[in-house]
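Here's the structure, in structure tokens; my notes come after.
The values are calculated or read from the model by the stated rules, or taken from the named source; none is laboratory data. Treat the numbers as computed from the prediction; the structure is a model and nothing was measured. Note that we place each Cβ from the backbone using ideal geometry, even for glycine, and neighbour counts take in every protein chain shown. Each accessible area value is taken on the protein alone, full model and side chains, heavy atoms only, with ligands, DNA and RNA left out. Shrake-Rupley method; radii C 1.70, N 1.55, O 1.52, S 1.80 Å.
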Amino acid sequence: MTRKFVGFIGALALLVPATSPAQTAGASRTRAAVEFLASDRLEGREAGSTGERLAGDYIAMQLARAGAKPLPGHADMFLPFEFTSGSRDGGSTITIRRDGQAPQTFNGAVQIQALSFSDDAQVNGPVVFAGYGLVVPDSQNFGYDSYAGLDVKDKIVLVLHYFPEDTDAQTKAALARYSDLRYKALAARQRGAKGLLIVIGPRSPNKGETLRMSFDTALSGSGIPAASISGPAANALFASAGKSLEATQQELDSGNPHVGGFALPATVDLRTKVVREKQTARNVVAYLPATGSTAGIDKPWVMVGAHYDHLGRGTHGTSLATKDEAGQIHHGADDNASGTATVLAIAGTLAGQMRRRNIVFTLWSGEEIGLVGSNAFVTAPPMPIGQMGVYLNFDMVGRMQNNKLVAEGTGSSASWPRILERANVAAGFDLRVLPDPYQPTDSSSFNQAGIASLFFTTGSHADYHRPTDTADKINYEDLDRIVDFAAAVTRAAADADMAPQFTKVDPPATGATLAGVRVTTGTIPDYTTEAKGLLLAGVVGGAPAEKAGLTKGDVIVEIAGQSITNIYDYTYALELLKADQPVKVVYMRNGQRLETTLIPTPRR
Amino acid sequence: MTLRIAICSLLLATTLGGVGAGLHPSTNARGALSQAEGQTRPPEYKESDFLTRVRRLTVEGRRAGEGYWSPDGKQIVFQSEREPGNPFYQIYALDFATGDTRRISPGYGKTTCSFFRPGTGEILFASTHHDPKSKQFQQEELDFRASGKQRRYSWDYDTEFEIYAYSPGGGGPSGDRRGGPSGPSEPKYTRLTNARGYDAEGSYSPDGQWIVFTSMRDAYNRPRSPAEQKQLELDPGYFGEIYIMHADGTGQKRLTRVVGYDGGPFFSPDGKRIIWRRFDTSGLIANVFTMNPDGTDVRQITDFGAMSWAPYIHPSAQYILFASNKLGFENFEVYMVDIDGKKEPVRITYADGFDGLPVPSPDGRQLAWTSTRGGGSDGQVFLAQWNHEKALEALRAAPDRGVRPR
């Protein structure tokens, strides 16, 4: 282990700038770390990438320099976890059979590609063309159902990609929201179809091309094999239909809902094969042991953390790069080299001080793809959850303006306001204090686990999730002030007689964020699972789900008659719910299939 | 929105929650502005010209306000609702060197309006804790809140409010923290007033020998006409007058005799003048006045035709900081005006909601004030660096007031 450690220090020496945090006392304590982590060499630190590994190595080295140690029982500071990083087609094929004709088989990416959310399956059956495969709920005051009058049960459905091309803007807008391929797959599956084929129609952009498999962070199949096929493959299906695909599309493009689908005189054998690529990313975790015995001390572990991963070149996930910036390195200086540098500097500050509790420094990977690293940590914690006192999270703390620092999640413990007030007497920030602990960052994982947590940030900005989030734009002077403040808050928690008591917060019931969802159920989905159905990471206190008796760990498999295999199904199902109208929810708990009634409330 | 800042130097009448209804047109901010536009435009400023490194001082608890500096500038005393079981303000002193906050008041009853006594460790404040019903009122207020009901904002002119002087236990020196309520020796509370009716809003003279304060005793110590009786039920603040007494509570003497709420008095830095604010009989319009400590030579300083109140004289004695809702009935901002009120006041704060109760530090380089800028409708104490030079420059550049915009 020692040798290996020395080895990577040697390798890093080539990479690390001449100044490192430890060497520049007097100068900024955060700049060197931010500049290194946000440099081109680390290529945006995408989870599982080489850049992320280099960042992790650097972080471990800095923690070791500060005097932090691997957790008890661990040989090093790395806590690896597995995640699905992407998917590719593993050789899907389609064979088309028409009466009196020799079967035609299409394979290869030009002819057929499974969709990223497709199940791996082999199915065969007759084919039904279902127009654009659109179903607009009646709730939208806009009726449109491509399946009206069609029987697709146990059949394979062929639909056009997108939505009718020639309609007015308002109709387009109404239809566009339901044209997502996941939604089309859901609609087909719920009508009993056993397979879905998508074609880009002759009158649409990129006509006849198959769809490249996209990155999909919710990592389970949609419960139906689904593939995009080429123009020639679609034409083969239409060959004996009496009218061409193009003529059919033209009729549909007027947006006339009365243009129906029809059975095609063909059967197909469809085999979809999706290879989901697993990768390993690493949380970096180390600790400064208490300076005395922790025997008898309430909750002897205090945690301080930040995520260090970012978006790589933004090809996956949630890049907001403009067209001109697409594919460039997303440096993530503020998001979240700033928080990482803060945690490293806190370690340096606290290393020389007395402390009653063990202070753990946790640098997460996989945050940008859904809090995967911190979730892995609380799911398989290296020490019992009940022994963890608090978690302090730093995410995007490098762009302070007008002295404003936001502390979110103060509702998670009654102790926070006093601790913050006291620490801020010396620090002097214009603190904005928000009680809601349900935040899109790693502190949520801890709040869900019942640990008093806080999330500090200086807020979002125009460079958020863009390649322009660079190290030169960081406000280092104020970032260093945050380090001192954070160290004081950490010490207050680490030295308290009683660790801050966790309080469960009932957050504002905002529910899902999709525009079409008009109700809230108070469920908190676990985005980091491959379970079939919707695994609940928690329920909002006092909200409909809690009232219905649902709780953390339940897996919702059906709501209001809609089967649910994943978060997308669930979101679409929510669109159909009406406030104050009770719906049946079927869920799995401890392997048992249970039912309850849930009454959604209006979204605020 | 209901403004939920409570305030000693201002006791906003019951009207504050009822914006619009009954609001006299002349108090309308936009009306006042449009008149001002007809005159020479004064130079325009932004908040950061005068206030830098704005910071929130109080975080704990539901609300806090009215921060007053210790004479050495090392502590600040303020009122805050921050302990379970008591929904009313208690008085706390915060030590800048340690970050420690200690409670000054007994912990039960209602309190307000604290002030350090120069040259001693004493702090005055108004309290109702001697009222046997104190804890009952606390429970009633907690129950009311739990019921989810809302009431209009109104300051509570509890007739039991009396002025007390706190001294640290063991008669320790100024700033002796051992003297706090949790310390080894109990603090001493000396009751200084004993008149039926609200006695509060007290402050010491710079030499620590005198206290100016507000009392509504005039409503109770004589027969009332039917009209006065009705007025008392509607708004006891109407009877508020300024009084002066020795620091030991002796020699209480009335200084003002004008109907409408006179309150929030403070001494000038040399102790030779008293500054306060006077409401008209409607309780909607207030202006800043100064007078001699014997009540003579009364001079009106402001005339916005709005609610201008909570004045405090800068230690340089060259200008006055105050708050006004000139720009909107619930949009209070801090202003400053030259000591004689000869020029147009200059706006200091630029934030939505409430900014008021400005108190400069003894060295004149910082400002403490109460603001809702942290979010929500409840105030907290904020601090900022105060640019005295820029303030003087702005006052020099301010146009003469000329015809009063009325």
What are the pairs with Cβ atoms under 6 angstrom where one residue, in region A:344-364, is within 26 Å of residue A:375 (Cα to Cα) and the other, located anywhere, is basic (Lys, Arg)? Sequence gap at least six, or different chains. A:345/A:29
In region A:237-265, residues that are surrounded by fewer than 22 Cβ atoms within 10 Å (Cβ to Cβ) and either within 20 Å of residue A:92 (Cβ to Cβ) or charged (D, E, K, R) (or both) total 4
Residue check, residue B:354 against (1) open to solvent by less than 20 Å² (accessible area, probe 1.4 Å); (2) within 14 Å of chain A (Cβ to nearest Cβ); (3) aromatic (Phe, Trp, Tyr), all met but one. Which one? (2)
Could you list, in sequence order, all residues of region B:240-255 that are open to solvent by 50 Å² or more (accessible area, probe 1.4 Å) and either part of a strand (DSSP E or B) or in contact (Cβ under 8 Å) with a residue 24 or more places away in the chain (or both)? B:246, B:248, B:252, B:253, B:254
Filter region A:400-410 for residues that are more than 9 Å from chain B (Cβ to nearest Cβ) and surrounded by 24 or more Cβ atoms within 10 Å (Cβ to Cβ); which is farthest from residue B:374 (Cα to Cα)? A:409
Is there a residue in region B:134-143 that is buried (at least 21 other Cβ atoms within 10 Å of the Cβ) and at pLDDT below 95? no
Which one of these does residue A:413 not meet: (1) within 14 Å of chain B (Cβ to nearest Cβ); (2) at negative phi; (3) open to solvent by 40 Å² or more (accessible area, probe 1.4 Å)? (3)
Going residue by residue through region A:349-356, is there one that turns out to be surrounded by fewer than 23 Cβ atoms within 10 Å (Cβ to Cβ) and farther than 30 Å from residue A:477 by Cβ? yes
Residue under evaluation residue A:550, criteria (1) part of a helix (DSSP H, G or I); (2) closer than 20 Å to residue A:505 by Cα, criterion not met: (1)
The one condition residue B:91 fails out of (1) without any contact (Cβ under 8 Å) to a residue 24 or more places away in the chain; (2) open to solvent by less than 10 Å² (accessible area, probe 1.4 Å) is (1)
Please work out if residue B:151 is of a type in the set (D, E, K, R), within 12 Å of chain A (Cβ to nearest Cβ) and surrounded by fewer than 23 Cβ atoms within 10 Å (Cβ to Cβ). no
Selection status of residue B:353, under 23 Å from residue B:239 (Cα atoms) and in contact with a Ser or Thr (Cβ under 6 Å, 6 or more places away or on another chain): no
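Could you identify the single residue in A:449, A:462, A:488 that is out of contact with any Leu (no Cβ under 6 Å at 6 or more places or on another chain), at pLDDT 95 or above, aliphatic (A, V, I, L, M) and open to solvent by 20 Å² or more (accessible area, probe 1.4 Å)?
A:488
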Would you point out which residue out of A:430, A:436, A:442, A:395 is among the acidic types (Asp, Glu), in contact (Cβ under 8 Å) with a residue 24 or more places away in the chain and facing chain B (nearest Cβ under 10 Å)? A:430
Right, residue A:327: assigned to a loop (DSSP other than H, G, I, E, B), out of contact with any His (no Cβ under 8 Å at 6 or more places or on another chain), small (Gly, Ala, Ser) and in the same structural domain as residue A:71 (by TED's automatic domain parsing) or not? yes
How many residues are open to solvent by 70 Å² or more (accessible area, probe 1.4 Å), assigned to a loop (DSSP other than H, G, I, E, B) and modelled with pLDDT of 95 or more if we restrict to region A:120-150? 0
Would you check if there is a residue in region A:269-278 being β-branched (Val, Ile, Thr) and closer than 26 Å to residue A:394 by Cα? no
Kindly evaluate residue B:361 against the criterion of being open to solvent by less than 10 Å² (accessible area, probe 1.4 Å) and within 19 Å of residue B:286 (Cβ to Cβ). no
Residues in region B:194-235 that are free of Cβ contacts under 8 Å to residues at least 60 places away in the same chain, assigned to a loop (DSSP other than H, G, I, E, B) and either more than 19 Å from the chain's Cα centre (by Cα) or surrounded by fewer than 22 Cβ atoms within 10 Å (Cβ to Cβ) (or both): how many? 9
Show me the strands (runs of 3 or more DSSP E) found entirely inside region B:75-125 where at least 2 residues are over 16 Å from the mean Cα position of the chain (by Cα). B:75-81, B:90-95, B:101-103
Hey, residue B:61 touching a strand residue (DSSP E or B) at 6+ places or on another chain (Cβ under 6 Å) and either open to solvent by 20 Å² or more (accessible area, probe 1.4 Å) or part of a helix (DSSP H, G or I) (or both) or not: yes
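Listed here are the residues, each with its yes/no results for (1) assigned to a loop (DSSP other than H, G, I, E, B); (2) modelled with pLDDT of 95 or more.
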{"site": "A:58", "(1), (2)": "no, yes"}
{"site": "A:75", "(1), (2)": "yes, yes"}
{"site": "A:84", "(1), (2)": "no, no"}
{"site": "A:95", "(1), (2)": "no, yes"}
{"site": "A:118", "(1), (2)": "yes, no"}
Identify the single condition in (1) of a type outside the set (Ser, Thr, Tyr); (2) farther than 17 Å from residue A:51 by Cα; (3) buried (at least 22 other Cβ atoms within 10 Å of the Cβ); (4) out of contact with any Ser or Thr (no Cβ under 8 Å at 6 or more places or on another chain) that residue A:336 does not satisfy, given that it satisfies every other one. (2)
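For region A:206-252: of the residues being among the charged types (D, E, K, R) and outside any loop (DSSP other than H, G, I, E, B), which is modelled with the lowest pLDDT?
Among residues in region A:206-252 that are among the charged types (D, E, K, R) and outside any loop (DSSP other than H, G, I, E, B), the one modelled with the lowest pLDDT is A:251.
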